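Where a number appears in this text, it was derived from the coordinates with a stated rule and is not lab data. These figures come from a predicted structure and were not determined experimentally. For neighbour counting, all protein chains shown are included, and Cβ atoms are generated from backbone atoms with ideal geometry for every residue, glycine included.
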Amino acid sequence: MNKIAVCPGSFDPITYGHLDIIQRGAKVFDEVYVVVLNNSSKKPVFTVDERMDLIRDVTKHIPNVKVDSFQGLLVDYAASIKADAIIRGLRAVSDFEYEMQITSMNRRLNDHIETFFIMTNNQFSFLSSSIVKEVAKYGGDISELVPKPVQEALHQKFKG
Ligand code: ADP
């Protein structure tokens, strides 16, 4: 039976850290849905469609990755695509408390979907979309932090 995982996030924008998690997840699961959380409480730089297009572009070499977006409860989305698991990335100890909170709530809402944590490659431990945006805004070098299409998209957003 096909094992399906959901890899949710804001992805505003996708970084090499996210890509590392997606790649690792795609080795273990038959299908990985990378889904952009359409969460109105954050003020994103990229629209949901722009974020999805960037994810599609930088994951096109991974055949078992699908890209989607959702609004609402993650467990409802996961159930709708018959997912077995939720994948989250862990960078440092600081991620733990937040992730444990979400995981225990998701388990309470739907006990059939397991959350799997994947530890990122050390080189991406301090990488986040927010840091990338901050550096890009002031014209710093982000070539080792995000793939080329993301670099170009950020450049377009912040130029002028
Ligand atoms: P969210 O707003 O849901 O935290 P993000 O886009 O910031 O969305 O992150 C999505 C997922 O990717 C989370 O599980 C997060 O821990 C993980 N992640 C983000 N950056 C990295 C990174 N550098 N290395 C590993 N995992 C990461």
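Please state the charge dipole magnitude for region 4-125, taken about the Cα centre, from unit charges on C-beta atoms (+1 on K and R, -1 on D and E), reported in debye and rounded to the nearest 20.
For region 4-125, the charge dipole is close to 100 debye.
The chain: longest stretch without exposed chymotrypsin sites (Phe, Trp or Tyr not before Pro) (DSSP loop, at most 15 other Cβ within 10 Å), sites themselves excluded?
1-125
Note the full-extension length gain between Asp57 and Phe126 as 0.36 nm times their separation in residues minus their Cα-Cα distance, in nm to one decimal.
The Asp57-Phe126 span can extend by a further 22.5 nm.
What pairs from Lys42/Lys82; Lys27/Lys159; Lys42/Lys148; Lys42/Lys66; Lys82/Lys137; Lys3/Lys157 go past 32 Å between their alpha carbons?
Working: Lys42/Lys82 28 Å; Lys27/Lys159 37 Å; Lys42/Lys148 25 Å; Lys42/Lys66 24 Å; Lys82/Lys137 39 Å; Lys3/Lys157 37 Å.
Violating the 32 Å limit, Cα to Cα: Lys27/Lys159; Lys82/Lys137; Lys3/Lys157.
Taking 25 Å as R0, compute the FRET efficiency from the Cβ-Cβ separation of Val28 and Asn110 and round it to 0.05.
Working from the Cβ atoms, E equals 0.75.
Given a cut-off of under 8 Å on Cα pairs at least six residues apart, what relative contact order in percent is computed for region 75-160?
Value for region 75-160: 28 percent.
Could you work out the relative contact order of the chain? I mean the mean sequence separation of Cα pairs under 8 Å and 6+ apart, divided by the number of residues, in percent.
Worked out over the chain, it gives 29 percent.
Is the shape of region 4-125 rounded, prolate or oblate, going by the alpha carbon gyration tensor and its root eigenvalues a ≥ b ≥ c, with a/c under 1.5 for rounded and a/b larger than b/c for prolate?
Rounded, since a/c falls under 1.5.
Amide H neighbours of Gly9 under 5 Å, counting only residues 5+ apart in sequence or on other chains, H built in-plane at 1.01 Å?
Val35, Leu37
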